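Below is one structure, written out as structure tokens; comments come after it.
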Amino acid sequence: MIGRLNHVAIAVPDLAAATATYRDTLGAAVSAAQDLPEHGVTVVFVELPNTKIELLHPLGDTSPISAFLTKTPSGGIHHICYEVDDIGAARDRLVQKGARVLGDGQPKIGAHGKPVLFLHPKDFCGSLIELEQA
Ligand code: CO
């Protein structure tokens, strides 16, 4: 069911420093920082030949990654995103298999303007999973 790895998201306490690490030390192409208020994050996209890395920094008081950074102050991998062809069919299959879909189970429009869902880490090897309809 799952297809390509769309991105790996890394929560970072210092977005400028993380961007410099990817640009200057690792030699990657990085975007300008973009505020995504509806997601509670500021994001920098790192473009790799076969996937993307997203550097996430909290935006606003209710950011979904604030608690993560409280627990892991130096930052860390926050979620991985796999592509699916049909997010509604994917959701129905996962629910039928007993997996927990976060929120109300309805896809939301993600950082790339496409429908996304998040899956409970305890059902997936301790990793928060995002599904994006490619
Ligand atoms: Co993501």
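The values are calculated or read from the model by the stated rules, or taken from the named source; none is laboratory data. Keep in mind it's a predicted model, so treat the numbers as computed, not measured. Because the Cβ atoms are built from the backbone with ideal geometry, glycine has one as well, and the counts that use them run over all protein chains shown. Accessible surface areas use protein heavy atoms only, side chains included; no ligands, DNA or RNA. Shrake-Rupley method; radii C 1.70, N 1.55, O 1.52, S 1.80 Å.
Scanning segment 123-134 for residues that are over 19 Å from ILE53 (Cα atoms) and open to solvent by less than 70 Å² (accessible area, probe 1.4 Å) returns ASP123, PHE124, GLY126. The set of residues in segment 79-122 being basic (Lys, Arg) and either within 20 Å of SER66 (Cβ to Cβ) or open to solvent by less than 40 Å² (accessible area, probe 1.4 Å) (or both) consists of LYS108 alone. Pairs linking a residue in segment 114-130 that is of a type in the set (D, E, K, R) to a residue that is open to solvent by 50 Å² or more (accessible area, probe 1.4 Å) and within 12 Å of the ligand (Cβ to nearest atom), with Cβ atoms under 8 Å and 6 or more positions apart or on different chains, are GLU130/TYR82; GLU130/PHE118. The set of residues from segment 43-62 being within 12 Å of ALA9 (Cα to Cα) and in contact with an Asp or Glu (Cβ under 9 Å, 6 or more places away or on another chain) comprises VAL43, VAL44, PHE45, VAL46, ILE53, HIS57.
Among the conditions (1) in a loop (DSSP other than H, G, I, E, B); (2) closer than 21 Å to GLN133 by Cα, the only one that THR62 does not satisfy is (2).
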